[in-house]
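Comments concern the structure below.
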Amino acid sequence: MKNLKLTIIFLLATFAIQAQSKLGTIDIDFILSKMPEIETVQKDLQAYGQTLESQLQEKMTTYQSKLDEYNKNVESLSDQQRTEKQTAIFKLEEDITKFRQNGVQLMRIKEDELKRPLYMKIAELVDVIVKEQNFTQIFNTSSDSSIIYLDPNLDITIAVLTKLGIEVEE
């Protein structure tokens, strides 16, 4: 009898907690794609990529000229000079390889830096909507989402876009 009472109290408490939860969804990637500021972000990111590409080309040009000079003069160099030149060439090769690897990371960092103000703007509006509509949780449905079914009435994506002043045809 005591266990039955505890079970009933537990079930009632569970239902009460569930009744207080209101879940919502948002597609942040979709919102970003509709924001006019994203064009500036893309242009700035492209310019940054071109800067990195230019730096890589400089390194490649330096490497090629040192390699050509070495190959041209290899017969006239002493063993010590040959070793020094080879070491310098190998260091340039390593530098180029590291620069290429870091370039991808630098692009990601720059993209995050450029998009951060847009994410902050979205987050502020989500906070407003969450308070207005009493949501307890919001799930991002962008890209890697593993959510199988969503009630479209609980999606706040359009509400955020509206607060941003962006009209979207549904």
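The values are calculated or read from the model by the stated rules, or taken from the named source; none is laboratory data. This structure is a prediction, so every number in the text was calculated from the model and none was measured. Quick reminder, even Gly has a Cβ in these numbers, built from the backbone with ideal geometry, and neighbours come from all protein chains shown.
The set of residues from region 99-133 being surrounded by 12 or more Cβ atoms within 10 Å (Cβ to Cβ), more than 12 Å from the chain's Cα centre (by Cα) and farther than 30 Å from residue 24 by Cβ comprises 99, 100, 102, 103.
Pick from 50, 57, 81: which is at pLDDT 95 or above and more than 30 Å from residue 119 (Cα to Cα)? Steps first, please.
On the way: 50 fails: more than 30 Å from residue 119 (Cα to Cα); 81 fails: at pLDDT 95 or above.
Residue meeting the stated conditions: 57.
I'd like to know if region 144-157 contains one or more residues that are surrounded by 16 or more Cβ atoms within 10 Å (Cβ to Cβ), under 21 Å from residue 39 (Cβ atoms) and modelled with pLDDT of 85 or more.
The initial filter retains those residues of region 144-157 that are surrounded by 16 or more Cβ atoms within 10 Å (Cβ to Cβ), namely 155-157.
Filter again for under 21 Å from residue 39 (Cβ atoms), leaving 157.
Checking which are modelled with pLDDT of 85 or more leaves us with 157.
Checked region 144-157: at least one residue is surrounded by 16 or more Cβ atoms within 10 Å (Cβ to Cβ), under 21 Å from residue 39 (Cβ atoms) and modelled with pLDDT of 85 or more.
Just one of the numbered conditions (1) in a helix (DSSP H, G or I); (2) touching a helix residue (DSSP H, G or I) at 6+ places or on another chain (Cβ under 9 Å); (3) closer than 30 Å to residue 24 by Cα is not true of residue 85: (3).
Of 17, 26, 9, 38, all but one fail to be aliphatic (A, V, I, L, M), modelled with pLDDT of 90 or more and either over 21 Å from residue 93 (Cα atoms) or loosely packed, with under 15 Cβ neighbours inside 10 Å (or both); the exception is 38. Only residues that are within 30 Å of residue 111 (Cβ to Cβ) and touching a residue at least 24 places away in the same chain (Cβ under 8 Å) were counted across region 50-95, and they come to 10.
Mind counting the residues in region 118-144 that are free of Cβ contacts under 8 Å to residues at least 24 places away in the same chain and not basic (Lys, Arg)? First the steps, then the outcome.
Our first condition is that a residue be free of Cβ contacts under 8 Å to residues at least 24 places away in the same chain; within region 118-144, this holds for 120, 123-124, 127, 131-132, 144.
Retained after the next criterion (residues that are not basic (Lys, Arg)): 120, 123-124, 127, 132, 144.
Residues that pass the stated criteria total 6.
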